[in-house]
1. What value does the stretch 8-56 have for Rg/Rh, both radii from Cα atoms and Rh as Kirkwood defines it?
2. Show the residues, 5+ positions off or on another chain, whose built amide H is closer than 5 Å to the amide H of residue 132.
3. Checking the a/c ratio against 1.5 first, then a/b against b/c, what shape does the Cα gyration tensor give for the stretch 70-136?
4. Over 5 Å intervals from 0, what percent of Cα-Cα pairs in the stretch 63-192 sits in each interval?
5. Quick one: Karplus J couplings for the stretch 138-155, per residue in order, coefficients 6.51, -1.76, 1.60, θ = phi - 60°, nearest Hz, x for Gly and Pro?
6. If you roll a 1.4 Å probe over the stretch 25-89 with all protein chains in place, what percent of the accessible area is carbon or sulfur?
7. What accessible area per residue comes out for the chain, rounded to a whole number of Å², with a 1.4 Å probe?
8. What translational diffusion coefficient, in µm²/s and rounded to a whole number, does the Stokes-Einstein relation yield for the stretch 1-96 at 10 °C and a viscosity of 1.306 mPa s, taking the hydrodynamic radius as the Kirkwood radius over Cα pairs?
Amino acid sequence: SYWQGIIDWQQVRQAGVEFAIIRCGYRGSKTGALVQDPYFEKNIKGATDAGVRVGLYFFTQAVNPVEAVEEASTVLMFAKQHKISYPLYIDTEGAGGNGRADGLDKETRTAVCKAFCETIENAGYTAGVYASKSWLLNNLDMEQLSSYSTWLAQYSSQPTYEGEYDMWQYTSAGKIDGISTLVDYNVSYMDY
């Protein structure tokens with residue numbers, strides 16, 4: 001995302017990276033405005049040109065299913081312009097306690113994720129939910145989301161989440177050639 005600055009994707013690929021989930025955008029946690037990640041085009045072009053397979057994620061601040069469909073439609077607009085191999089994920093997490101969606105109850109947050117994923121899948125893409133272990137356990141009804149990909153964020157040597165998941169983000173402190181900042185490391189159990 002924008003937070004990694006300019007990335008040398010050729011170096012990243014040469015370092016052994018096979019895939020990247022690129023932030024295409026986010027909804028403002030205060031304003032609710034839909035925003036394209038300023039580095040999205042640069043990142044997706046650089047990654048695909050270097051032979052790194054990609055998926056997308058969108059940081060949600062939707063407060064109802066209608067806004068989730070709006071977010072998914074934005075993601076689809078970006079996806080249709082590029083070669084996408086990995087799922088399109090809704091990133092659901094807190095925004096510091098003051099975000100417009102921070103106070104949602106479990107039922108509403110689940111409905112938001114479901115509406116996003118249904119919209120993505122109806123367009124022919126694989127949809128998924130990105131969240132931390134505690135978020136998956138406490139803020140979402142994963143039974144209702146079980147038909148979608150789950151991308152677990154749990155920073156530990158071994159995941160302890162007992163639900164199903166296709167991808168595991170195991171650190172936010174990774175270092176790799178071609179990226180000047182720390183970066184999240186993920187392992188995928190699916191070969192998309």
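1. 1.10
2. Hits under the 5 Å cutoff: 153.
3. prolate
4. 2, 10, 19, 21, 21, 16, 8, 2, 0
5. Coupling constants for the stretch 138-155: 10, 10, 9, 9, 5, 4, 6, 10, 5, 7, 10, 5, 10, 10, 7, 9, 8, 8 Hz.
6. The computed percentage sits at 57.
7. For the chain, the per-residue accessible area is 48 Å².
8. Here the translational diffusion coefficient equals 115 µm²/s.
The values are calculated or read from the model by the stated rules, or taken from the named source; none is laboratory data. Note that the coordinates shown come from a computational prediction; the quantities given were computed from them, not determined experimentally. Using ideal geometry, Cβ is built from the backbone for each residue, glycine included, and neighbour counts are taken over all protein chains shown. Only protein heavy atoms, including side chains, enter the accessible area calculation; ligands, DNA and RNA are left aside. Shrake-Rupley method; radii C 1.70, N 1.55, O 1.52, S 1.80 Å.
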